[in-house]
1. Could you pull out the residue among Val83, Val70 that is assigned to a strand (DSSP E or B) and within 16 Å of the ligand (Cβ to nearest atom)?
2. May I ask you to verify whether Ala108 is in contact with a Gly (Cβ under 8 Å, 6 or more places away or on another chain) and either outside any loop (DSSP other than H, G, I, E, B) or within 12 Å of the ligand (Cβ to nearest atom) (or both)?
3. Could you count how many residues in region 325-347 are in a helix (DSSP H, G or I), of a type outside the set (D, E, K, R) and surrounded by fewer than 21 Cβ atoms within 10 Å (Cβ to Cβ)?
4. Only one of Lys321, Lys301, Lys247, Lys285 is farther than 24 Å from Lys123 by Cα and at pLDDT 95 or above. Can you tell me which?
5. For residues that are open to solvent by less than 10 Å² (accessible area, probe 1.4 Å) and hydroxyl-bearing (Ser, Thr, Tyr), scanning just region 86-103, find the one that is farthest from the ligand (Cβ to nearest atom).
6. Output the residues belonging to region 300-322 that are assigned to a helix (DSSP H, G or I) and either of a type in the set (Gly, Ala, Ser) or more than 11 Å from Met278 (Cβ to Cβ) (or both).
7. Does Gly73 count as exposed (fewer than 15 other Cβ atoms within 10 Å of the Cβ), small (Gly, Ala, Ser) and touching a residue at least 60 places away in the same chain (Cβ under 8 Å)?
8. Would you check which residues across region 168-188 are within 10 Å of the ligand (Cβ to nearest atom) and in contact with a helix residue (DSSP H, G or I) (Cβ under 6 Å, 6 or more places away or on another chain) and list them?
Amino acid sequence: MKKVHVFNAGPCLLPQVAIDNAIAAMKDFSGTGISVLSISHRTKEWDAVMDECRALWKELLHIPDTHEVVFLGGGASLQFLYVAMNYLEKKAAYLDTGVWAHKALKEAQGIGDAYAIACSKDKNYTYIPKGFEIPADLDYLHITTNNTIYGTEIHEDIDCPCPLIADMSSDIMSRPVDVSKYDLIYGGAQKNVGPAGVIFAIIKKDSLGRVSRYIPTMLDYRTHIDKLSMFNTPPVFAIFVMNETLKWLKSIGGVEAMYEINKKKAALLYDEIDRNSMFVGTAVKEDRSLMNVCFVMAPGKEELQDEFFAFAKECGMVGIKGHRSVGGFRASLYNACSVEDVQALVDCMKEFEALKK
Ligand SMILES: *Cc1c(COP(=O)(O)O)cnc(C)c1O
């Protein structure tokens, strides 16, 4: 196979060991003689995977006993509705930092009173709004910690006078998080912790039950906490691969060790973007994402864009096209992307500059 470097924004690159173990389990799951694709989720062998996966989440993110983690289907996009159904009573605020944040807000507005507390659309979401006042009487403030499409990230767990809810689809497990500051953290697994088909929700248990509406059984987080994510058939295979991905993360030293590697990878690429006369970054420096690095051709070099795409493809770079709403380039440096992958992209950018100068 040709050596390729995968920078896809999602579904993400996964560690090879997780894929190898998934292949083995497709043939024979846990010595049962049955494929993981056909195993009943009501078996002790499957229970062991669920237990291990839950335990790994708690261990890797230091989730306190006040919180529980559940795994569900429906994508992060369905969580936008879960959030409003489970938490919106009087009024909620959303920090509008991009397409995903905006979609989350829109979903809440179909349920109740929700508004954008601040918005960075004026500059095509290239920065994180700051300095806005958060009313303490809100049901919650919703933030999107990493804006996958624009390459901006909220790097710290903010102090919030009201309950805080975060979509962490694309930076979960990339850096340490103080889970105790959040009533809810959720996201799709496919950006950093597994394949598509499963979401995680880390829920502060006593934050539930505050709304007066009827919540349909499947949309009620309490259903899934009570039944340990097995109220109905869970996405078995996706959870299996997520568990293998977390085992790999633990084996390399956990989230803290991963964070150091992620900082190194991002610095490597941003330094090159800033140095290289062919390219410029699009996000403001202080809000640059460690996970999704967005850049465009430098002013005056725009006509070279297609040439660079072709050149990068020749060098084995995959998935560096920017989102259609932004254009240019985006390299996603999720956990399974290695320093060597990033170095290969940097070398490719250097070569292109030398060729064109
Ligand atoms: C990809 C993404 C989503 C949507 O995830 P789906 O699982 O496709 O619904 C939501 N929020 C963020 C931040 C994302 O990156």
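The values are calculated or read from the model by the stated rules, or taken from the named source; none is laboratory data. Given the structure is predicted, the values throughout are model-derived calculations rather than measurements. Every residue, glycine as well, gets a Cβ built from its backbone with ideal geometry; the counts of neighbours run over all protein chains shown. Just the protein is used for accessible areas: all its heavy atoms, side chains included, with ligands, DNA and RNA removed. Shrake-Rupley method; radii C 1.70, N 1.55, O 1.52, S 1.80 Å.
1. Step by step, each of Val83, Val70 is checked, and only Val70 is assigned to a strand (DSSP E or B) and within 16 Å of the ligand (Cβ to nearest atom).
2. Criteria not met by Ala108.
3. So the count comes out to 4.
4. Lys247
5. Tyr94
6. The answer is Glu303, Asp306, Phe309, Ala310, Ala312, Lys313, Glu314.
7. yes
8. Within region 168-188, Ser169, Ser170, Tyr186, Gly187, Gly188 qualify.
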